[in-house]
Amino acid sequence: MNKSSFLKTFSISLLAVWFGFACTDLTENIPSELTDETFFQTEEEFIAALGDAYTTLAAWQNHGGLFSLNIVSSDEAAIPVKGADWDDGGIWVQAHQHTVDSEHGPTNGSWNFLFSGVSNTNRLIFQFESAVEAGTADPTIAEAFIAELRAMRAFYYYFLLDNFGNVPIIDDFANTPAQPANNPNFQAGRQQVFDFVESELLATVNLISDNARGSYGRFNKYAAHFLLGKLYLNAQVYTGTARWADAEAQFSQVVDSGQFALMANFFDNFATNNSGSTETIFAIPYDSVFLPGFNMHQMTLHYAHQQTFNFQEQPWNGYTTLAAFYESFEDDDVRRQGFLSGPQFDIGGNPLIDNEIAPGHHLTLTPEIQAIRMTSALSRQQGARFNKFEYAIGATPDLANDFPVFRFADAILSLAEAQYRQGKTSEALMNVNMIRERAGVAPFSTLNDDNLLAERGRELYTEIWRRQDQIRFAGNEGATRFNDSWWEKGVSQSFRNVFPIPFNQIQANSNLTQNPGY
């Protein structure tokens, strides 16, 4: 299954989602044939019905949700207030400075997004199992699809585990309580969620497709190994017990599979037509018509960049990287080209003008950002902008680039970290230097916490991993690197390493216990 096949196969569910995505329960938006148990007669019918498990992911990269919350709370990105622009009630300053509370809107949006995925996978599992029990579906056909849905449910629960820690485990669509409870004890509850994700992935990894290209856009065996690797790589954070050897074993399954390879050109992984990338393990196949939602260009570029790319709508001049993060790249690192800085020009090579700064002012992006809250007109051009993904000439507000949720280069770096944590320095160094060689920079001679974390940042920026990576490394001032101070952020307390359970959720469900510290 390639990208076009994915979009064609799931077109009914895609349309259903985009006529009613805001609702957590999308059942009423699904064509009746997909809710009829007699529909599941053939493999093709099962595949067509899978769509809701995946189209939820259209919101993965949307502004204001999980992606925004994760990158803005880390040291790789910020949304500075620029005069009257981007104040938004202070929500992005709060996210960056680790001062969010339970009424923080993007936190509630992230909770709803992830539990929408849980709800959709639970419903489809119930429908498939009901068809088998009714004798209207071949159990040998259904088994692999039910396993795939269980793995996707584990995917959503993994990010709930990472972002919220202690959440209700809901795995029975027909018998879901009206007000499901989490564990009153945070750490015990987080352990239960960890155990659930682990058990679901271990139970399904050998039942789902091992054809990574043939199941493009769907969860495959190597995606399950990758996710297990992430679970074990972060196990000490989640449970207090390190699982480095288990992480190494899972990432080795991916790296040694022969299914994936590094692309010669780093940026080919992020091109408009990137579905042929040999690094993609699991991707969201965004499309400007059938699966919209990828709007990175709108989020980061200056208003005037509409003239650089002939965009159909004006960008929002929001997200920037921090000067220290930008300067962590060596001058000859090809990955540094994934940022825009300096004088900017239109598509014809003429200077971009920002008359709000000064009449006739040539827009010149500066890596330095004066402050997280600025009133000067010069704030409009402060901060290097993200340019890692290709921005197609004439693009709509929704890009057609696929988003590589799990990428082979990350598997290599994660394997290296698991090896490094066990003292296998030579093996780890070899793997890290494989990534650096592709980036065109000199190999490391030694490996330590500082350069390993920095290398992950340079390779994986804007791929949603930076917050998690910082939490995994011990801090110099705070408990972890995530709690250390940087730029306009002071040292934060370790309870900030998970987000609060949103007030809206607790108000609607009195059985939820708030996370410690909030």
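The values are calculated or read from the model by the stated rules, or taken from the named source; none is laboratory data. Nothing here was measured: the structure is a model prediction, and the numbers come from that model. Note that we place each Cβ from the backbone using ideal geometry, even for glycine, and neighbour counts take in every protein chain shown. What goes into the accessible areas is simple: the full protein's heavy atoms, side chains included, and nothing from ligands, DNA or RNA. Shrake-Rupley method; radii C 1.70, N 1.55, O 1.52, S 1.80 Å.
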Filtering the range 301-330 down to residues that are touching a Pro at 6+ places or on another chain (Cβ under 7 Å), within 18 Å of residue 367 (Cβ to Cβ) and not in a loop (DSSP other than H, G, I, E, B) yields 305, 320, 323, 326
Pairs returned, first residue in the range 180-207 that is open to solvent by less than 30 Å² (accessible area, probe 1.4 Å), second residue that is in a helix (DSSP H, G or I) and small (Gly, Ala, Ser), beta-carbon separation under 6 angstrom, 6 or more apart or interchain, are 182/189; 197/154; 200/154; 201/154; 201/224; 204/147; 204/151; 205/224
Contact list, first residue from the range 370-381 and β-branched (Val, Ile, Thr), second anywhere and assigned to a loop (DSSP other than H, G, I, E, B), beta-carbon distance below 6 Å, six or more apart or interchain, is 372/80; 372/488; 375/83
Q) In this structure, is residue 148 in contact (Cβ under 8 Å) with a residue 40 or more places away in the chain, open to solvent by 30 Å² or more (accessible area, probe 1.4 Å), acidic (Asp, Glu) and farther than 24 Å from residue 401 by Cβ? A) no
Item to check | Residue within the range 458-467 that is open to solvent by less than 30 Å² (accessible area, probe 1.4 Å), under 30 Å from residue 273 (Cβ atoms), part of a loop (DSSP other than H, G, I, E, B) and of a type in the set (Ser, Thr, Tyr) present | outcome: yes
Among (1) surrounded by fewer than 22 Cβ atoms within 10 Å (Cβ to Cβ); (2) assigned to a loop (DSSP other than H, G, I, E, B); (3) in contact with a Phe, Trp or Tyr (Cβ under 7 Å, 6 or more places away or on another chain), residue 371 falls short only on (3)
Residues in the range 386-412 that are of a type in the set (A, V, I, L, M), under 17 Å from the mean Cα position of the chain (by Cα) and open to solvent by less than 10 Å² (accessible area, probe 1.4 Å) total 4
Considering residues that are in a loop (DSSP other than H, G, I, E, B), open to solvent by 10 Å² or more (accessible area, probe 1.4 Å) and either touching a residue at least 60 places away in the same chain (Cβ under 8 Å) or among the hydrophobic types (A, V, I, L, M, F, W, C) (or both), the number found within the range 274-295 is 7
Note on the range 495-518: residues in a helix (DSSP H, G or I) and closer than 27 Å to residue 320 by Cβ are 496, 497
The number of residues in the range 117-165 that are closer than 17 Å to residue 224 by Cα and of a type in the set (A, V, I, L, M) is 10
Those residues of the range 106-131 which are surrounded by fewer than 24 Cβ atoms within 10 Å (Cβ to Cβ) and either hydroxyl-bearing (Ser, Thr, Tyr) or under 15 Å from residue 506 (Cβ atoms) (or both) amount to 108, 111, 112, 115, 116, 119, 130
Apart from one, (1) part of a helix (DSSP H, G or I); (2) more than 24 Å from residue 282 (Cβ to Cβ); (3) in contact with a helix residue (DSSP H, G or I) (Cβ under 6 Å, 6 or more places away or on another chain); (4) at pLDDT below 95 all hold for residue 140; the odd one out is (3)
Residue pairs within 9 Å by beta carbon, gap of at least six or interchain, first lying in the range 392-405 and aromatic (Phe, Trp, Tyr), second part of a strand (DSSP E or B), listed first then second, are 403/283; 403/284
For residue 348, the lone unmet condition from (1) surrounded by fewer than 15 Cβ atoms within 10 Å (Cβ to Cβ); (2) within 19 Å of residue 96 (Cβ to Cβ) is (2)
Restricting the range 151-166 to residues that are under 15 Å from residue 497 (Cβ atoms) and of a type outside the set (Phe, Trp, Tyr), the one surrounded by the most Cβ atoms within 10 Å (Cβ to Cβ) turns out to be 161
If we keep only residues of the range 306-343 that are β-branched (Val, Ile, Thr) and within 21 Å of the chain's Cα centre (by Cα), then the residue nearest to residue 289 (Cα to Cα) is 320
Discussion item. Can you confirm whether residue 212 is open to solvent by 10 Å² or more (accessible area, probe 1.4 Å), part of a loop (DSSP other than H, G, I, E, B) and of a type in the set (Gly, Ala, Ser)?
Written reply: no
query: Going by the structure shown, is residue 81 modelled with pLDDT of 95 or more and either over 26 Å from residue 157 (Cα atoms) or not β-branched (Val, Ile, Thr) (or both)?
result: yes
When every residue in the range 215-226 that is in contact with a helix residue (DSSP H, G or I) (Cβ under 6 Å, 6 or more places away or on another chain) and either part of a helix (DSSP H, G or I) or free of Cβ contacts under 8 Å to residues at least 60 places away in the same chain (or both) is compared, the one farthest from residue 409 (Cα to Cα) is 224
Out of (1) open to solvent by 30 Å² or more (accessible area, probe 1.4 Å); (2) in contact with a helix residue (DSSP H, G or I) (Cβ under 9 Å, 6 or more places away or on another chain); (3) closer than 21 Å to residue 294 by Cα; (4) modelled with pLDDT of 65 or more, the one residue 52 does not meet is (1)
Picked from the range 242-267 (must be open to solvent by less than 30 Å² (accessible area, probe 1.4 Å) and among the aromatic types (Phe, Trp, Tyr)), the residue farthest from residue 339 (Cα to Cα) is 251
Over the range 406-430, the set of residues free of Cβ contacts under 8 Å to residues at least 60 places away in the same chain and of a type in the set (S, T, N, Q) is 425, 426
